[in-house]
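Notes to accompany the following structure.
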Amino acid sequence: MTVLNEKSHDGAPDSPTEFDTVIVGAGFGGLRMLHEMRELGLSAVAIESGSDVGGTWYWNRYPGARTDSESWMYAFPIPEIQEEWNWTERYPTQPEALGYLNFLADRLDLRRDIRFHTRVTAAEFHEEKQIWTVHTDAGDTLTCTYFVPAAGPLNVPYKPDFDGLADFQGEWHVSGRWPHEGVDFKDKKVAVIGTGATAVQIIPVIAHTAAEVTVFQRTPNYVLPARNYTLSDEQRQGIRADYDRIWEQCRKHFFGFDMQPAGRTIHDVTAEEAQKILEWGWETGGFRFIFETFDDILVDPKSNKVVADFARDKIRSIVKDPETAELLCPKDYPIVGKRPPLGHFYYEAFNRDNVHLVDVSTTPISRITPTGVAVGDQEYEVDIIIFATGFDGQTGSYTGLDIRGRDGVKLSDKWADGPRTHLGIGVDGFPNMFMVGGPQAPFANFPVIIDGVADWIGRAIRFMNDRGIKSIEPRPEAVEGWRQKVNAIVDATVLSEGPHSWFLGTNIPGKPKAALFYFAGVGAYRDDCNEVADRDFDSFALSPA
Ligand code: N01
C-alpha cells in the first residue's frame, strides 16, 4: 500500500512515504545503492541534502579540487556507463567527477527516486512492526524495511572554533562547503588554514590569482607528486577494452587500485637500487610511489625511513628557501602515518614570492582578528580566510543523525568510545540497517569499496527473501571481534603514528581515538565479507518473518 503525504519537496506534492528502502545521500554510495535496490526489484528513495547528486563532489568545489584516484578506477563497473563515459585526464577535476555522477544518475534514470534539498534528521527502528521510521527536515516521515545510510566518510566538515571569527571583516569559507558561485581571489590576500589533501590542492591554484597566500601549517605532510596528464583517444580505448582486468585487480589490490604489488621489500635490493626504484615511483607519480615500489613501507619502520628520507630530500631539492623547505619536511612521523596528499606543483608553489608559510606547530593560531589571523602576538592581515581544516570523518556522518535502534538505543551513545560495527556494514541492535562504506570498512579507493558493499547488501537481502527472514543484525560478539581485528591491524602498521589523523579521529578535539578503518586491504575485506555470506550470514542474528 502506498500512503500519500500532504507535503513534499522539489515540486512533488503527493510523494509516497512507504518504501522497502530509504537511503541517506546521493553521492557515490547512495547512487550505487539505489541502482542495487532497483536490480533487486525493491522500492527505494534516496534523501539528499544538496540540490543535486554528487555527494563529496557536489560540496567540495574549491579551486584545484580533483580526484587522487586515477579516473578509470574511480568509477563503477556498470557496463553501459563504462561503455559510454569518457574520462579526459588521469585525475579528473571536480567538475568532471561530478559530471560522471550526473551522467550515471541520468543514464540509470535514478533522479526520479531522489529527494533533493532534504536532510534526514532522525531514524528509529520499531520492534513490533520490524520497520524503520525516517524523519527529514522537510517534515516528512517515511517508513522502510531497510535503512541504508550512505552519507560518505567526509560529509561533516570540521572548522576549529577560533575566537574572533564573528568579527572578521573579510570573507571566510570552509573548503567542504564551497560556494557554487566561486570566490574571486584576484588581488586578495588569502589565509589558508591547514595543509591536508584539500589545502594541498587549493594553494598552488589560488597562488596564480591572489595577491598573497599565507599558509598556516600545523603538521607538514608527505605530499607525493600526482603527475597528471590528459588521456589520448588511444589510451581511452585501451582502458575501455581492459575494464574487466582493471576491476579484477582493483578488487584484489590493498587500496582498491589497478596497481601491481612490487613483489619486493627494501631489504631485497641494494641502497643504490632502492633509490632508483623510488626515483621511478616519484616520477611515475601518485600512489604508485607507495604501492609499486616496496611492499613493506606500511609495516617495516626501516623501509619506511628510507622512503621518508627520499621524500624529504625531494622536498629540499624543490623548495628553494632552505628554512621553508625544512618546515615543509615531516620529521616526527612515518610516511603514510597520515594520509599522503597528492600535489600538483604543491612544493613548487612555495618558490613563488606571493606564497608564505607560517608554522603554527608550537605557537598555535590564537584568534581571528577583524583584519586577519593572529599567531601569538603576530597578526597576518588578510581579506579572505579558507578553512581547509578537515572533517569529522567516518563517524560524523552517522552520529550527527539521531539514529535509534532496538529499545531506543542511540547510535551516538553506542559509539561514545568509538564505532562498533560488523564488517563496517551492520551494528548490533540496529536490525536491517546497512551502512555503505561505514566506519571500520576499508580506507581505499572508495567506489571499489562501495561497489563490493552494495553487492554484499544485495546478496544479504536476496538471502533474506529466499529464506523468509524479516530482519538481520550482527551478533554482539561479531561486532566486538571486528573491533578487535580492526584495532590490531592498525596497531601493526605505521598508520597509528601520525599526529591528528582523521583515520583515528584524533584530528577532532575530544573525539575518542579509535581505528575508523579496516586496514588489511580490499582483497582481505572482500574475503571476510564473502565468507560471512557463504556461511549463510552466521555472524548475524536472523529473525523469521
Ligand atoms: O583534511 P585533513 P583534508 N590549527 O584533516 C589542519 C580526502 N580528500 O580536507 O595535520 C591549525 O587531512 C590540520 O593540521 P594537523 C582525503 O582522504 C581527498 O585536507 O591536524 N591547523 C591539517 O593540516 C584526505 O585525507 C581528496 O596538524 C589545523 C588540516 O587542517 C581527507 O579528505 C582531496 C587546525 C586538515 O587536514 C581529509 O583531507 C581532498 C588548527 N586548529 C581531501 N585544525 C582527493 O581525493 C586542523 N588543522 C582529491
Extreme residue, farthest from the ligand (Cβ to nearest atom), among residues of segment 40-96 that are under 19 Å from the mean Cα position of the chain (by Cα) and among the polar types (S, T, N, Q): 49
Failed item, numbered, when residue 290 is tested on (1) part of a helix (DSSP H, G or I); (2) within 15 Å of the ligand (Cβ to nearest atom); (3) touching a Leu at 6+ places or on another chain (Cβ under 6 Å): (3)
Segments classed as strands (runs of 3 or more DSSP E), wholly inside segment 157-219, with at least 1 members that are aromatic (Phe, Trp, Tyr): 171-174, 212-217
Pair list, Cβ < 7 Å and 6+ apart or interchain, from segment 190-215 residues that are over 13 Å from residue 380 (Cβ atoms) to residues that are part of a helix (DSSP H, G or I) and within 15 Å of the ligand (Cβ to nearest atom): 198/175; 200/346; 202/175; 203/346; 204/346
Filtered residues of segment 169-185 (kept if within 16 Å of the ligand (Cβ to nearest atom) and either open to solvent by 20 Å² or more (accessible area, probe 1.4 Å) or among the acidic types (Asp, Glu) (or both)): 172, 173, 174, 177
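On the basis of being more than 16 Å from the ligand (Cβ to nearest atom), at pLDDT 95 or above and surrounded by fewer than 23 Cβ atoms within 10 Å (Cβ to Cβ), does residue 402 make the cut?
Criteria met by residue 402.
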Extreme residue, nearest to residue 297 (Cα to Cα), among residues of segment 370-389 that are open to solvent by less than 20 Å² (accessible area, probe 1.4 Å) and away from the ligand (no atom under 11 Å from the Cβ): 385
Some residue of segment 289-312 being within 22 Å of residue 203 (Cα to Cα) and not small (Gly, Ala, Ser): yes
Segment 526-538, subset part of a loop (DSSP other than H, G, I, E, B) and either in contact (Cβ under 8 Å) with a residue 24 or more places away in the chain or touching a strand residue (DSSP E or B) at 6+ places or on another chain (Cβ under 6 Å) (or both), residue farthest from the ligand (Cβ to nearest atom): 536
Subset of segment 464-474 that is out of contact with any helix residue (DSSP H, G or I) (no Cβ under 9 Å at 6 or more places or on another chain) and open to solvent by 20 Å² or more (accessible area, probe 1.4 Å) - its residue that is nearest to residue 258 (Cα to Cα): 466
Search result, residues across segment 477-513 that are open to solvent by 50 Å² or more (accessible area, probe 1.4 Å), over 19 Å from residue 395 (Cα atoms) and away from the ligand (no atom under 16 Å from the Cβ): 477, 488, 491, 492
Pairs, first of a type in the set (Lys, Arg) in segment 27-52, second open to solvent by less than 10 Å² (accessible area, probe 1.4 Å), C-beta under 7 Å, six or more apart: 32/76; 32/450; 32/451; 32/454
Filtered residue count, segment 329-369, keeping only those that are within 12 Å of the ligand (Cβ to nearest atom), surrounded by fewer than 21 Cβ atoms within 10 Å (Cβ to Cβ) and among the basic types (Lys, Arg): 2
Residue within segment 250-257 that is surrounded by fewer than 16 Cβ atoms within 10 Å (Cβ to Cβ), modelled with pLDDT under 95 and outside any helix (DSSP H, G or I) present: no
Qualifying positions in segment 268-319 - among the hydroxyl-bearing types (Ser, Thr, Tyr) and more than 24 Å from residue 351 (Cα to Cα): 270, 293, 303
Residues satisfying the stated conditions in segment 192-234, i.e. within 11 Å of the ligand (Cβ to nearest atom), over 21 Å from the mean Cα position of the chain (by Cα) and either more than 27 Å from residue 336 (Cβ to Cβ) or of a type outside the set (A, V, I, L, M) (or both): 216, 217, 218
Some residue of segment 454-463 being open to solvent by less than 60 Å² (accessible area, probe 1.4 Å), part of a helix (DSSP H, G or I) and more than 23 Å from residue 429 (Cα to Cα): no
Some residue of segment 122-143 being surrounded by 15 or more Cβ atoms within 10 Å (Cβ to Cβ), in contact (Cβ under 8 Å) with a residue 24 or more places away in the chain, within 15 Å of the ligand (Cβ to nearest atom) and not small (Gly, Ala, Ser): no
Test: residue in segment 164-178 that is modelled with pLDDT under 95 and of a type in the set (A, V, I, L, M): no
Boolean, residue 165 is open to solvent by 40 Å² or more (accessible area, probe 1.4 Å) and within 16 Å of the ligand (Cβ to nearest atom): no
Segment 480-525, residues that are of a type in the set (D, E, K, R) and in a helix (DSSP H, G or I): 480, 483, 485, 491, 497
Residues within segment 274-297 that are open to solvent by 10 Å² or more (accessible area, probe 1.4 Å) and more than 27 Å from the chain's Cα centre (by Cα), tallied: 5
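The values are calculated or read from the model by the stated rules, or taken from the named source; none is laboratory data. Given the structure is predicted, the values throughout are model-derived calculations rather than measurements. Glycine also receives a Cβ, built like all others from the backbone with ideal geometry; neighbour counts cover every protein chain displayed. We work out accessible area using only protein heavy atoms, side chains counted, and drop any ligands, DNA or RNA first. Shrake-Rupley method; radii C 1.70, N 1.55, O 1.52, S 1.80 Å.
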